[in-house]
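Asker: My questions will all concern the structure given below.
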Amino acid sequence: QVQLVESGGGLVQAGGSLRLSCAASGRTFSSYVMGWFRQAPGKEREFVVGISESGRSTTYADSVKGRFTISRDNAKNTVYLQMNSLKPEDTAVYYCAADAKPARFIATTGVEYDYWGQGTQVTVSS
């Protein structure tokens with residue numbers, strides 16, 4: 001099994017920034033597509049961003065494009081989510097996920113991912 005451990009969540013004022021990290025176990029991290037999802041209270045889990053195995057390709061949800069940046073360091077088995085210009089509507093539990101069987105395009109649905117982190121709370125105050 002692959003374990004994903006997240007960190008970096010917290011409380012921030014609107015307009016501020018946070019950087020989330022997700023550390024993965026194992027020696028096959030570089031073969032995974034990695035993604036971030038979020039779930040706000042009373043809402044369904046939604047795709048935020050994904051990154052290809054090499055880090056050369058990314059796919060962003062329209063709601064975060066231009067504000068969030070995903071990156072990965074395969075030598076450290078870690079994926080990051082830099083969140084800038086945060087808005088109250090970004091408030092959610094953020095989940096890191098790994099797709100162990102990447103296809104031609106980066107997966108954007110939860111059922112396509114094989115491993116999940118525990119989630120980390122991000123709260124943006126107005």
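Asker: Considering only residues of the range 43-69 that are among the β-branched types (Val, Ile, Thr) and farther than 23 Å from SER125 by Cα, which is least open to solvent (accessible area, probe 1.4 Å)?
Answerer: Ranking the candidates gives ILE51 first.
Asker: Still on this structure, I have one more. How many of the residues making up the range 8-42 are open to solvent by less than 60 Å² (accessible area, probe 1.4 Å), within 16 Å of GLY119 (Cβ to Cβ) and either of a type in the set (S, T, N, Q) or in contact with a Gly (Cβ under 8 Å, 6 or more places away or on another chain) (or both)?
Answerer: 8
Asker: On to the next question. Only one of (1) open to solvent by 60 Å² or more (accessible area, probe 1.4 Å); (2) within 16 Å of GLN39 (Cα to Cα); (3) among the aliphatic types (A, V, I, L, M); (4) not in a helix (DSSP H, G or I) is not met by ALA103, so which one is it?
Answerer: (2)
Asker: So if I check each of GLY26, GLY42, GLY50, GLY55, which one is within 19 Å of ALA103 (Cα to Cα) and in a loop (DSSP other than H, G, I, E, B)?
Answerer: Exactly one residue qualifies, and that residue is GLY55.
Asker: Suppose we filter the range 108-126 for residues that are of a type outside the set (Ser, Thr, Tyr), surrounded by 11 or more Cβ atoms within 10 Å (Cβ to Cβ) and not in a strand (DSSP E or B); how many remain?
Answerer: Matching residues across the range 108-126 total 6.
Asker: Kindly provide the set of residues from the range 6-18 that are part of a strand (DSSP E or B) and farther than 13 Å from GLN121 by Cα, ordered by number.
Answerer: Of everything in the range 6-18, just one residue is part of a strand (DSSP E or B) and farther than 13 Å from GLN121 by Cα, namely GLN13.
Asker: Which residues, counting only those in the range 29-39, are assigned to a strand (DSSP E or B) and among the hydrophobic types (A, V, I, L, M, F, W, C)?
Answerer: Listed by number, the residues that qualify are VAL33, MET34, TRP36, PHE37.
Asker: Which condition number in (1) open to solvent by 30 Å² or more (accessible area, probe 1.4 Å); (2) in a loop (DSSP other than H, G, I, E, B) is the one that LEU86 fails?
Answerer: With respect to (1) open to solvent by 30 Å² or more (accessible area, probe 1.4 Å); (2) in a loop (DSSP other than H, G, I, E, B), LEU86 is out only on (1).
The values are calculated or read from the model by the stated rules, or taken from the named source; none is laboratory data. Quantities reported herein were computed from a predicted structural model and do not represent experimental measurements. We place every Cβ from the backbone using ideal geometry, glycine too, and count neighbours over all the protein chains shown. Side chains included, ligands, DNA and RNA excluded: accessible areas come from the protein's heavy atoms. Shrake-Rupley method; radii C 1.70, N 1.55, O 1.52, S 1.80 Å.
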